[in-house]
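The numbers here are math on the coordinates, done by the rules we state, and not lab data. Model, not experiment: these values are computed from the prediction. When we count neighbours, we look across all protein chains shown, and the Cβ atoms used for this are built from the backbone with ideal geometry, even at glycine.
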Amino acid sequence: MKNITKPLAAFAALAFFGSCMVSVFGLLVVLMASFGFADGLPLSYYLKLYIAEFSVALPMAGMILIAAIYLGLSGKRAEVVKSTVIEGAINLSVSEEEKQEEPELIAA
């Protein structure tokens, strides 16, 4: 999964861009159909080109790609965190006895 995240990021960006373009095209078709432009010709092209199916499939593909990228990146982070952990580190927290020995400041 390490080497696959960069190419998947490009495909995810492509899916995102395609989803945006399909949404804009759908908006234009709805606007043209509502104003009666070209006697419903844009709507027939919309149906013939299967834009409705693409408007569902592209975001789904993008979400799957982003999930795969996230899983690949989270695996890398776990390895980095493991390597920075120091074994046998000393706990430097102040004990209760040391807290009680400190003098308290009294406000005037």
Within 10 Å of each candidate Cβ there may be at most 15 other Cβ atoms; applying that plus a DSSP loop requirement, which chymotrypsin sites (Phe, Trp or Tyr not before Pro) in the stretch 1-39 survive?
Phe35
Per-residue Cβ contact counts at 10 Å, fewest first, order Ser19, Ser34 as Ser34, Ser19
In sequence order, what are the phi-derived ³J(HN,Hα) couplings for the stretch 13-27 according to the Karplus relation 6.51 cos²θ - 1.76 cosθ + 1.60 with θ = phi - 60°, rounded to whole Hz, with x for glycine and proline?
5, 5, 5, 5, 5, x, 5, 5, 5, 5, 5, 5, 5, x, 4
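List Val30, Val24 from most exposed to least, where exposure is judged by having the fewest other Cβ atoms within 10 Å.
On the way: Val30 13, Val24 10.
Lowest to highest Cβ neighbour count: Val24, Val30.
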Regarding the stretch 5-84, what are the three Cα extents along the principal axes, ordered largest first, in Å?
66, 18, 15
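Mind checking the dipole of the stretch 5-84: about its Cα centre, +1 per Lys or Arg Cβ, -1 per Asp or Glu Cβ, Debye to the nearest 20?
In debye, rounded to 20, the stretch 5-84 gives about 440.
Under the 0.36 nm per residue contour assumption, what length would be gained going from the current alpha-carbon distance of Ser74 and Ile4 to full extension?
Details: separation 70, 0.36 × 70 = 25.20 nm, distance 1.31 nm.
Gain on extension, Ser74 to Ile4, equals 23.9 nm.
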For the stretch 5-84, whose charge dipole is built from +1 on Lys and Arg Cβ atoms and -1 on Asp and Glu Cβ atoms, the candidate among Ile66, Ala33, Phe17 with its Cα farthest towards the positive end is Ile66
Backbone HN-Hα couplings from phi across the stretch 42-52 [Karplus 6.51/-1.76/1.60, Hz, Gly and Pro as x]:
x, 5, 5, 5, 4, 6, 5, 8, 6, 5, 4
